[in-house]
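Chemist: Before I ask anything, let me first share the structure, which is written out below as structure tokens.
The values are calculated or read from the model by the stated rules, or taken from the named source; none is laboratory data. Values in this document were obtained by computation on a predicted structure and should not be read as measured data. Note that each Cβ is placed from the backbone with ideal geometry, even for glycine, and that neighbours are counted across all protein chains shown. These area figures cover heavy atoms from the full protein model, side chains too; ligands, DNA and RNA do not enter into them. Shrake-Rupley method; radii C 1.70, N 1.55, O 1.52, S 1.80 Å.
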Amino acid sequence: MLLDPRATLLRGTEVSVTLGARTVLSNVDIAIAEREIVTVIGPNGSGKSTLLRTLLGILSPREGTVTRKPGLSVGYLPQRLALDPTMPMTVGRFLNLPRRVSRAAGAEALERVGLTGFAGRALTALSGGEFQRALLARALIGRPALLMLDEPTQALDQNGAAAFYRLLDAVREDTGCAVVMVSHDLHVVMAASDRVVCLSNGRVACEGAPHHVASAPGYQALFGEGTDGALALYRHRDHACSTIS
């Protein structure tokens, strides 16, 4: 499937990133089209989070370019969020950081993630799944065209992760946003994505529709052939392999 440039929200071209003396990304090409769910996978240290932060503009590439659709609005869910358990913060207050939003906008975001009526709950009283949904609600404030999530289910069990991915799919269908996420959840993520980008040693080892990536030599060299069965665990998306030009 050739991505239509008119529908492309964000594109990284020959992106290389150096942190200290180490080259973390080398000549990475990636493009994100409207409404698609793209998951970036790879071993620890392969450059996944660095790629996400570079696409967000938090890091600057040493070489290459990152271009965004003019006026692109982005919602971001970070990998870790440290909260002081002694600080009495409600879900409603959290949605108002770093800038105040209307009560209606906050209620709409909470309803979208299945947390209607949670504005007065303490963040520290939420379960792991509820907390991730609250983070997602905050990222959805302002109806972004692109959601970027770094390991959004790392603290959830397999059932919780599958539920979160189903929620992401529903959010995409409801709002029309695209989703880019970094994940280790091979058992569900391969079937929860329209396209998968697999990084190895800071380079793209393979990419495409999940069933194509699962059988690619680069993927099997990293994760083995046994993950093919993961495609049926959540949902199978029968899309053609993606080519970016």
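Chemist: What's the number of the only condition in (1) among the basic types (Lys, Arg); (2) assigned to a loop (DSSP other than H, G, I, E, B); (3) at pLDDT 95 or above that Arg11 fails to meet?
Modeler: Against the list (1) among the basic types (Lys, Arg); (2) assigned to a loop (DSSP other than H, G, I, E, B); (3) at pLDDT 95 or above, Arg11 comes up short only on (2).
Chemist: Determine, yes or no, whether Asp174 is in contact with a Lys or Arg (Cβ under 7 Å, 6 or more places away or on another chain) and open to solvent by 20 Å² or more (accessible area, probe 1.4 Å). So that I can check it myself, show each step before the final result.
Modeler: Details: in contact with a Lys or Arg (Cβ under 7 Å, 6 or more places away or on another chain): yes; open to solvent by 20 Å² or more (accessible area, probe 1.4 Å): yes.
The answer is yes for Asp174.
Chemist: Tyr76 passes all but one of (1) open to solvent by 50 Å² or more (accessible area, probe 1.4 Å); (2) within 11 Å of the chain's Cα centre (by Cα); (3) at pLDDT 95 or above; which number fails?
Modeler: (3)
Chemist: Taking the stated definitions as given, is Arg93 surrounded by 19 or more Cβ atoms within 10 Å (Cβ to Cβ), at pLDDT below 95 and more than 21 Å from Val188 (Cβ to Cβ)?
Modeler: Details: surrounded by 19 or more Cβ atoms within 10 Å (Cβ to Cβ): no; at pLDDT below 95: yes; more than 21 Å from Val188 (Cβ to Cβ): yes.
No: the conditions fail for Arg93.
Chemist: Follow-up. Might you check whether a residue that is free of Cβ contacts under 8 Å to residues at least 60 places away in the same chain and open to solvent by 20 Å² or more (accessible area, probe 1.4 Å) occurs anywhere in region 23-43?
Modeler: Taking region 23-43 as the starting set, the residues that turn out to be free of Cβ contacts under 8 Å to residues at least 60 places away in the same chain are none.
Checked region 23-43: no residue is free of Cβ contacts under 8 Å to residues at least 60 places away in the same chain and open to solvent by 20 Å² or more (accessible area, probe 1.4 Å).
Chemist: Got at least one residue in region 32-44 being in a loop (DSSP other than H, G, I, E, B) and farther than 25 Å from Pro210 by Cβ? So that I can check it myself, show each step before the final result.
Modeler: Taking region 32-44 first, the residues in a loop (DSSP other than H, G, I, E, B) are 34-36, 42-44.
Checking the rest, the ones that are also farther than 25 Å from Pro210 by Cβ come to none.
The answer is no; no qualifying residue exists.
Chemist: I need the full set of residues from region 45-70 which are more than 16 Å from Glu151 (Cα to Cα) and in a loop (DSSP other than H, G, I, E, B), in order please. Before the answer, list the steps.
Modeler: To start, the set of residues in region 45-70 that are more than 16 Å from Glu151 (Cα to Cα) comprises 57-70.
The answer is Gly57, Ile58, Leu59, Ser60, Pro61, Arg62, Lys69, Pro70.
Chemist: Report yes if some residue within region 123-131 is assigned to a loop (DSSP other than H, G, I, E, B), free of Cβ contacts under 8 Å to residues at least 60 places away in the same chain and under 25 Å from Gly106 (Cβ atoms); otherwise report no. Spell out the reasoning first.
Modeler: Kept after step one, since they are assigned to a loop (DSSP other than H, G, I, E, B), are these residues of region 123-131: 126-127.
Narrowing further to those that are free of Cβ contacts under 8 Å to residues at least 60 places away in the same chain: 126-127.
Among the residues that remain, those that are also under 25 Å from Gly106 (Cβ atoms) are: 126-127.
Among the residues of region 123-131, at least one is assigned to a loop (DSSP other than H, G, I, E, B), free of Cβ contacts under 8 Å to residues at least 60 places away in the same chain and under 25 Å from Gly106 (Cβ atoms), which makes the answer yes.
Chemist: I'm trying to understand the selection: among the residues of region 184-210, which are within 23 Å of Arg143 (Cα to Cα) and surrounded by 24 or more Cβ atoms within 10 Å (Cβ to Cβ)? Break it down into steps so the answer makes sense when it comes.
Modeler: At the first step, the residues of region 184-210 found to be within 23 Å of Arg143 (Cα to Cα) are 192-195.
Listed by number, the residues that qualify are Ala192, Ser193, Arg195.
Chemist: Give the number of residues within region 111-128 that are open to solvent by 70 Å² or more (accessible area, probe 1.4 Å) and closer than 15 Å to Leu81 by Cα.
Modeler: 1
Chemist: Cβ-Cβ distance below 7 Å, separation of 6 or more or different chains: which pairs start in region 200-218 with a residue that is among the acidic types (Asp, Glu) and end on one that is surrounded by 17 or more Cβ atoms within 10 Å (Cβ to Cβ) and part of a strand (DSSP E or B)?
Modeler: Final answer for the pair search is Glu207/Arg195; Glu207/Val196; Glu207/Val197; Glu207/Cys198.
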